[in-house]
Amino acid sequence: ITTELNLKTLVALLTSEVLPSLLIRQSALIEINDGAVNIIYVQNVDTRQLPGYNDLPVLLAGAGRYYSHGEDGSLPLGWAYLTLALSVEQKPIGIWLLGRHDPDDYYSPQEIKILQSLAHQTAIALANISQAGQLRTLYQRDIDQREVERASLARDLHDQVLNELAVLKDRLDDGA
């Protein structure tokens, strides 16, 4: 998971391989970025049942806690049995919501530990993907800047050489 540098392949890995192997049928991965939420993927959940930015503090406070069917009358968001915080350097960067789980929607303490480990790896992958994107942007900006400089230098050399040739031609014409 941590070696993924492309969001699309990370999502495919999680939704096609990791979660099905753990018999998890509902999930959503949400990135927290500059005071906004970015839905990375949703699996078998109505998007209207996803949290907004203002819901995140409550969800993060309950991260790692399993909610059973009858506890306090309802599940977080009506479907999420388990909420996992994604954080890098103690800073929350996202939240992973897990719902239906075969055969009985129960997440054992051992499974929660494994899922928390996967959440940590996913957080690292998201941070790496973000940094790789920033590096690609900076690299492209540097290439674009160098191309502008090369074009400018080429124009200057072209114009200067043509002007000097014109002056030389005029001198030759005058001398002949």
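The values are calculated or read from the model by the stated rules, or taken from the named source; none is laboratory data. What you are looking at is a predicted structure, and each value in this text was computed from that prediction instead of being measured. We place every Cβ from the backbone using ideal geometry, glycine too, and count neighbours over all the protein chains shown. Note: accessible area is taken over every heavy atom of the protein model, side chains too, but ligands, DNA and RNA are not part of it. Shrake-Rupley method; radii C 1.70, N 1.55, O 1.52, S 1.80 Å.
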Tell me whether the stretch 69-77 contains one or more residues that are surrounded by 15 or more Cβ atoms within 10 Å (Cβ to Cβ) and within 17 Å of T122 (Cβ to Cβ). no
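Yes/no matrix, rows are residues, columns are (1) assigned to a helix (DSSP H, G or I); (2) loosely packed, with under 12 Cβ neighbours inside 10 Å:
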| position | (1), (2) |
| --- | --- |
| G94 | no, no |
| K113 | yes, yes |
| A119 | yes, no |
| N128 | yes, no |
| L135 | yes, yes |
| L168 | yes, yes |
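Of the residues Q145, Q140, which is within 43 Å of the chain's Cα centre (by Cα), more than 25 Å from K8 (Cβ to Cβ) and of a type outside the set (V, I, T)? I'd like the intermediate steps shown before the answer.
On the way: Q140 fails: more than 25 Å from K8 (Cβ to Cβ).
Answer to the selection: Q145.
Can you name every residue in the stretch 8-65 that is polar (S, T, N, Q), touching a strand residue (DSSP E or B) at 6+ places or on another chain (Cβ under 9 Å) and either in a helix (DSSP H, G or I) or free of Cβ contacts under 8 Å to residues at least 40 places away in the same chain (or both)?
Taking the stretch 8-65 and keeping what is polar (S, T, N, Q), we get 9, 15-16, 21, 26-27, 33, 38, 43-44, 47, 49, 54.
Right, trim to touching a strand residue (DSSP E or B) at 6+ places or on another chain (Cβ under 9 Å) and you get 15, 26-27, 33, 38, 43-44, 47, 49.
Within the stretch 8-65, T15, N38, Q43, T47, Q49 qualify.
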Test each condition in (1) more than 23 Å from the chain's Cα centre (by Cα); (2) at pLDDT 90 or above; (3) over 19 Å from L50 (Cβ atoms); (4) open to solvent by less than 80 Å² (accessible area, probe 1.4 Å) for H101 and report the one that comes out false. (3)
Run P57 past the list (1) over 20 Å from the mean Cα position of the chain (by Cα); (2) farther than 26 Å from Q131 by Cα; (3) open to solvent by 40 Å² or more (accessible area, probe 1.4 Å) and report the number of the one that doesn't hold. (2)
Assess whether I124 counts as being touching a residue at least 12 places away in the same chain (Cβ under 8 Å) and over 20 Å from V42 (Cα atoms). no
